[in-house]
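These notes concern the structure reproduced below.
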Amino acid sequence: MLYAFELSGEHDFLPCKEVFACLSMEGLEYREHAFYDQCLVLDIEGHSIDEKLVFIAGRLAMSHHILKVVGICEVKTDQIIEMCDNSDLSSHLSEGQTYVVRAKRARHHGEVNREFIEGRLGGSIFRKGFRANLKDPDVTFRFIMTNMAVLGSIVASVDRGAYEHRAPHRKPFFYPGVLMPRVARALVNISQVKEGQILLDPFSGTAGILVEGGLVGAHVIGIEVRKKISHGARMNLDEYNADYSLLVADACHVSLKDSCVDAIVTDPPYGRSAAIRAESLQHLYTDSFAEMYRVLRQGKLAVVVSELKVVEFAEKAGFTVVDVFTQKVHKSLTRTFTILYKG
Ligand SMILES: C[S@@+](CC[C@H](N)C(=O)[O-])C[C@H]1O[C@@H](n2cnc3c(N)ncnc32)[C@H](O)[C@@H]1O
């Protein structure tokens, strides 16, 4: 069955990697059908797919909606109407259910007017014997104009507003240099940590990553060398009722047993002055990666975001590099995301 993930356009790779990680975590098998601008179409197999997708939408940060696909065609009015006219909607709408059609244009794609096509698609579904309800429909159809036109019914939606409410400056303790909650959540998802498992951030700062880990039900452990910042992290974690442990300590000497954490997500310091307690950034990265490798369980993932390239440090520590991708934040800041595996 084809499903479309309406991706946010805030990053080239993160939204898509986040979706893949969540599907794997839920044991859903998928095959990439098409990857359009802000729309990823997957052929998904498995049991209770819709139920699992509702759960996944509760974790995702960088998608808007998950759709069960009705059809895909070129962004041309005649083809769009013909596609809808010829579609069987029995797996989308049941007898007596009401519907609405909402259209969206990804960036500059397609010249078809949104309101016009909403009306025409609504008419096509009406002619199949269903009644529209613009205010409180049972089923919402979403029509996305991207490189192609994708029509589907919404299976689940992501509460993107919740991430805005957790913006760093709205938390009880703020200190500059923190990742935005949506990025932090996407990284937590990419680490595939599950409810009840242990997530470590050895450079926890104000707990931006740990708050997101706590909200997906992980027990989160943070290590932070500065007492004042660690105190702030506690305030932030308490605000979101996280199940957590915080240590004021050095990430290069971690007082945890070998192979005891299920996932690591971290954002180590970049600037030379930011490396505290280590002789140099070189030493900080060498020793902290060795510690990350030691405490992570076998078969698990570590996700590191850094301005520096960390592949060499990670491989030296024993990790296998699964993926590396970058994001240009602004002119002088490019972030590198590195996904590591302990085999
Ligand atoms: C880029 S910030 C992390 C920001 C964090 N993600 C947040 O949500 O606030 C890096 C953090 O690492 C801490 N740090 C620097 N050297 C450290 C060390 N040797 N051990 C543990 N933490 C260290 C800094 O104090 C800083 O808070």
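Give the residues of the stretch 109-131 that are part of a loop (DSSP other than H, G, I, E, B) and of a type in the set (A, V, I, L, M), sorted by residue number.
Of everything in the stretch 109-131, just one residue is part of a loop (DSSP other than H, G, I, E, B) and of a type in the set (A, V, I, L, M), namely Val112.
Which condition number in (1) out of contact with any helix residue (DSSP H, G or I) (no Cβ under 6 Å at 6 or more places or on another chain); (2) assigned to a loop (DSSP other than H, G, I, E, B); (3) surrounded by fewer than 19 Cβ atoms within 10 Å (Cβ to Cβ) is the one that Glu164 fails?
Just one mismatch for Glu164, condition (2).
State whether the residues of the stretch 70-84 include one that is outside any loop (DSSP other than H, G, I, E, B) and without any contact (Cβ under 8 Å) to a residue 40 or more places away in the chain.
yes
State yes or no: is Ile276 more than 9 Å from the ligand (Cβ to nearest atom), outside any helix (DSSP H, G or I) and either within 26 Å of the chain's Cα centre (by Cα) or not assigned by TED's automatic domain parsing to the domain that holds Met25 (or both)?
no
Do we find that Leu200 is part of a strand (DSSP E or B) and more than 9 Å from the ligand (Cβ to nearest atom) in this structure?
Criteria met by Leu200.
To keep it simple, each residue is scored yes or no on (1) at pLDDT below 95; (2) of a type in the set (Gly, Ala, Ser); (3) in contact with a Leu (Cβ under 9 Å, 6 or more places away or on another chain); (4) buried (at least 16 other Cβ atoms within 10 Å of the Cβ).
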site	(1), (2), (3), (4)
Asp43	no, no, yes, no
Val54	no, no, no, no
Met62	no, no, yes, yes
Val69	no, no, yes, yes
Cys73	no, no, yes, yes
Leu93	no, no, no, yes
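Say whether the condition of being assigned by TED's automatic domain parsing to the domain that holds Ala207, within 26 Å of the chain's Cα centre (by Cα) and in a helix (DSSP H, G or I) is met by at least one residue in the stretch 303-311.
Checked the stretch 303-311: at least one residue is assigned by TED's automatic domain parsing to the domain that holds Ala207, within 26 Å of the chain's Cα centre (by Cα) and in a helix (DSSP H, G or I).
Please state which of the following conditions Gly96 fails to meet, knowing it meets all the rest: (1) under 14 Å from Val150 (Cα atoms); (2) outside any strand (DSSP E or B).
(1)
Please go through the stretch 238-269 and give me each residue that is more than 7 Å from the ligand (Cβ to nearest atom), assigned to a loop (DSSP other than H, G, I, E, B) and touching a helix residue (DSSP H, G or I) at 6+ places or on another chain (Cβ under 8 Å), ordered by number.
Scanning the stretch 238-269 gives Tyr240, Asn241, Ala242, Asp243, His253, Val254, Leu256, Lys257, Asp258, Ser259, Cys260.
The values are calculated or read from the model by the stated rules, or taken from the named source; none is laboratory data. Keep in mind that this is a model prediction, so the values were computed, not measured. Positions of Cβ are backbone-derived with ideal geometry, glycine not excepted, and every protein chain shown enters the neighbour counts.
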